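Read the structure below first, then the notes.
The values are calculated or read from the model by the stated rules, or taken from the named source; none is laboratory data. Just so you know, these numbers come straight off a predicted model, no measurement behind them. Don't worry about glycine lacking a Cβ; one is built from the backbone with ideal geometry, like all the others, and counts go over all protein chains shown.
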Ligand code: 15L
């Protein structure tokens, strides 16, 4: 029986994953700051209420865990102090607790905003999963930083660490940018399944998007882990508001004043 710990399980992606990562041979241990709905009778779920920034909470949460999907943290631009404390320090706390508990497989939720300043138009060959960071915000910086931290924990301790540069994971794309960057929730679950089951992946940085007709980033690295997307944002194209595709990967995040919490 495998046990997977999901941090930030009450957030947008965590909520979408709870039903999708359900498996008869698996226990999902769901950690969030706020108390999550109790398990239904057909769920194998353990609820942990606490902060990923708290070392004791994390050490206890990692006990008897086979893999961690670390989704928790601040998901958009915020103050430098908060982004450092929650995303960078918090991810260090998660990795350190995992190391102490002997959890050797960690999936880190990185973001397209780690490379938000990469220009779409100058990369006609699709931007590679491991393209060097070009963060667009303090938030994007924190995602680039946790990728580097994951690399360190892999190199020092041999942990398998997969950083997923998630595009836009919502039930459906919200705008024209989403036609390129959408990650359908079902594909997100397929991608996480590949990440937790790939044999000895070592350290990887991969894109997390669907196989969109208007792709601007490469799925090569994700597919090498076993991911097969079955969705394409194009089916929503006629329903979206008019707009032009952004020139940079990060879209509207580039217009966000640094350090200012924003509702995007
Ligand atoms: C992200 O990294 C955010 O967490 C999410 O809320 C979306 O804004 C997404 O990027 C995006 O770029 O659409």
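Taking the criterion of being over 28 Å from residue 199 (Cα atoms), within 13 Å of the ligand (Cβ to nearest atom) and outside any loop (DSSP other than H, G, I, E, B), the residues of region 114-141 that qualify are 138, 139, 140, 141.
Considering region 155-168, the residues that are part of a loop (DSSP other than H, G, I, E, B) and farther than 16 Å from residue 116 by Cα include one that is nearest to the ligand (Cβ to nearest atom), namely 159. Which pairs do you get when a residue that is under 15 Å from residue 217 (Cβ atoms), found in region 245-257, comes within reach of a residue that is within 10 Å of the ligand (Cβ to nearest atom), reach meaning Cβ atoms under 6 angstrom, with the pair 6+ apart or on two chains? Once the first residue is under 15 Å from residue 217 (Cβ atoms) and sits in region 245-257, its partners that are within 10 Å of the ligand (Cβ to nearest atom) give 246/177; 249/112; 249/116; 250/113; 250/116; 250/136; 251/177. Highlighted here are the helices (runs of 4 or more DSSP H) found entirely within region 177-264 that include at least 3 residues which are out of contact with any helix residue (DSSP H, G or I) (no Cβ under 8 Å at 6 or more places or on another chain) and surrounded by 17 or more Cβ atoms within 10 Å (Cβ to Cβ): 185-197. What residue, among those in region 58-78 that are assigned to a loop (DSSP other than H, G, I, E, B) and within 16 Å of the ligand (Cβ to nearest atom), is nearest to the chain's Cα centre (by Cα)? Result: 71. Among residues of region 93-113 being touching a strand residue (DSSP E or B) at 6+ places or on another chain (Cβ under 8 Å) and part of a loop (DSSP other than H, G, I, E, B), the one that is modelled with the lowest pLDDT is 104. Filtering 53, 7, 15, 34 for residues that are in contact with a strand residue (DSSP E or B) (Cβ under 8 Å, 6 or more places away or on another chain), under 24 Å from residue 143 (Cβ atoms), at pLDDT 95 or above and surrounded by 15 or more Cβ atoms within 10 Å (Cβ to Cβ) leaves a single hit, 7.
Do the conditions hold for residue 83, that is, is it in contact with a helix residue (DSSP H, G or I) (Cβ under 9 Å, 6 or more places away or on another chain), farther than 28 Å from residue 172 by Cα and surrounded by 18 or more Cβ atoms within 10 Å (Cβ to Cβ)? No; evaluated as a whole, the condition is false for this residue. Would you check which residues across region 233-264 are away from the ligand (no atom under 14 Å from the Cβ) and closer than 29 Å to residue 142 by Cα and list them? Answer for region 233-264, where residues must be away from the ligand (no atom under 14 Å from the Cβ) and closer than 29 Å to residue 142 by Cα: 244, 247, 257, 258, 259, 260. Just one of (1) within 13 Å of the ligand (Cβ to nearest atom); (2) not in a loop (DSSP other than H, G, I, E, B) fails for residue 173. It is (2).
Screening residue 151 against (1) surrounded by fewer than 19 Cβ atoms within 10 Å (Cβ to Cβ); (2) part of a loop (DSSP other than H, G, I, E, B); (3) in contact with a strand residue (DSSP E or B) (Cβ under 6 Å, 6 or more places away or on another chain) leaves a single unmet condition, (2). With respect to (1) on the phi > 0 side of the Ramachandran plot; (2) surrounded by 22 or more Cβ atoms within 10 Å (Cβ to Cβ), the lone exception for residue 102 is condition (2).
In region 130-138 there is no residue that is in contact (Cβ under 8 Å) with a residue 40 or more places away in the chain, surrounded by 20 or more Cβ atoms within 10 Å (Cβ to Cβ) and out of contact with any helix residue (DSSP H, G or I) (no Cβ under 7 Å at 6 or more places or on another chain).
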